[in-house]
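For reference, the structure is listed below as structure tokens.
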Amino acid sequence: MTGSNPKSFGGPALFSYGFRPFFLAASVFAVAAIVIWMLVLDGSLTIAGPFTPTDWHVHEMLFGYASAVIAGFLFTAIPNWTGRMPKRGWPLFFLLSLWIAGRLACAGLFGPGAVVAMLIDTGFLAAIVAMIVVEIVAGRNWRNLMVVVPVLILFGANLMFHIEALTYGSADTGRRLGLAVVIFLITLIGGRIIPSFTRNWLVKRNPAHLPAPAGRFDAVCLLVGAAALLTWAFHPDGRVTGVLLLIAAALHFMRLRRWQGLRTGPSPLLLMLHVAYGFVPLGLAANAAASFDLLPAAVGVHLLGIGAIGGMTLAVMMRASLGHTGHALVAGPVLTAAAGMVFLAALVRVCFPDVSFAGITGLWIAALLWAAGFSLFALRIGPYLARTNRKPT
């Protein structure tokens with residue numbers, strides 16, 4: 001694997017490869033952000049940043065946590081696509097510092113200036129886009145240049161979020177657009193890695209009924225899904241939005257079935273990718289129901305946000321971290337439990353948010369499950385990320 005041996009890098013192992021600092025930072029932030037959010041909800045804490053409390057929570061999950069994972073994934077995948085050396089050392093340190101500065105600015109720790117917070121926060125994704133373009137163009141890997149488009153749209157969604165909050169006091173459209181772009185990235189990247197990983201695993205064990213290869217059906221799924229998500233982002237209510245979301249949900253469910261996920265039970269590390277993707281059609285269908293006033297809007301949002309985004313990013317971080325640090329691609333009981341907690345958090349959040357269990361609301365239980373899942377990841381994988389590889393990969 002090109003450039004993946006940190007022994008050729010003289011600096012700290014943490015900055016020897018893109019996934020290391022960003023996966024570790026994302027997992028720690030996932031825990032901290034949800035605890036802070038629950039304390040804000042309880043009235044025990046206030047945030048003096050440029051957003052309302054709800055906007056801060058949504059923004060930091062999408063443009064804080066998810067953006068860090070996306071950056072770590074891209075800076076790990078791009079060297080494989082281009083054959084060039086990975087970004088390491090000072091460029092990674094600069095990007096991580098810019099990301100941290102964005103989190104502090106959005107929490108109001110640099111003062112109440114909304115414009116300053118916007119410039120600092122959006123600078124991270126702008127830098128990511130610029131570095132991706134430079135690497136892909138330099139490597140002449142034109143086919144993967146399309147990955148820049150959704151990341152650029154994510155940057156635009158973040159900018160819109162800030163401007164909308166500054167102008168109207170709340171970023172309702174920005175929330176949905178940010179969520180829509182991250183979900184589209186999951187369908188785009190997940191459609192590459194999930195059937196590929198599944199095929200490779202099944203070929204070594206039972207090659208009958210391998211995942212269907214990518215083709216026109218997958219392209220239709222992506223196009224319809226993108227249309228449905230964009231329509232929902234700007235017009236969440238109404239018959240047209242509901243119908244589009246239902247069609248997209250059905251297509252992505254059929255797409256998932258073509259990947260033979262039910263046969264991956266003996267490999268939790270692989271199965272969790274399929275389970276996480278399963279939350280995409282569930283969330284789309286729930287949002288369709290919400291557009292017809294059949295469900296609260298929060299149901300679909302949290303199925304997508306916790307189950308699809310949280311579950312998929314956690315599973316991808318596990319697999320990439322294990323593989324690129326020279327460890328076997330085996331989840332083991334700790335990482336399997338971590339993923340299970342995040343999936344359970346999604347179900348508790350949408351099914352029992354206001355039910356009290358032994359004096360603790362379902363909302364708090366869901367938050368604690370989320371925090372526990374990412375804490376297990378950080379404790380188990382964190383040492384791998386901070387030290388040199390066990391062996392070259």
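The values are calculated or read from the model by the stated rules, or taken from the named source; none is laboratory data. Computed from a predicted model, the values in this text were never measured in an experiment. Every residue, glycine as well, gets a Cβ built from its backbone with ideal geometry; the counts of neighbours run over all protein chains shown.
Details
- Within the range 237-271, the residues that satisfy the criterion of being in a loop (DSSP other than H, G, I, E, B) and over 30 Å from residue 317 (Cα atoms) are 237, 238.
- Yes/no for residue 88 being on the phi > 0 side of the Ramachandran plot and more than 20 Å from the chain's Cα centre (by Cα): no
- Enumeration of residues in the range 277-292 that are hydroxyl-bearing (Ser, Thr, Tyr) and within 26 Å of residue 339 (Cα to Cα): 277
- Among the residues of the range 316-345, those identified as in contact with a Lys or Arg (Cβ under 7 Å, 6 or more places away or on another chain) and not in a helix (DSSP H, G or I) are 325, 326, 327, 329.
- Here is the figure for the range 157-170: residues that are at pLDDT 95 or above and either over 17 Å from residue 64 (Cβ atoms) or not assigned by TED's automatic domain parsing to the domain that holds residue 62 (or both) total 2.
- Inside the range 230-289, residues that are without any contact (Cβ under 8 Å) to a residue 12 or more places away in the chain and over 29 Å from residue 204 (Cα atoms) make up a count of 2.
- Against the test of being free of Cβ contacts under 8 Å to residues at least 12 places away in the same chain and under 25 Å from residue 341 (Cα atoms), the options 179, 185, 295 yield a single qualifying residue, 295.
- From the list 330, 280, 299, 316, the lone residue that is surrounded by fewer than 22 Cβ atoms within 10 Å (Cβ to Cβ) and in contact with a Gly (Cβ under 9 Å, 6 or more places away or on another chain) is 299.
- Selected residue (only one of 176, 258, 199 is in contact with a helix residue (DSSP H, G or I) (Cβ under 8 Å, 6 or more places away or on another chain), of a type in the set (Lys, Arg) and surrounded by fewer than 21 Cβ atoms within 10 Å (Cβ to Cβ)): 258
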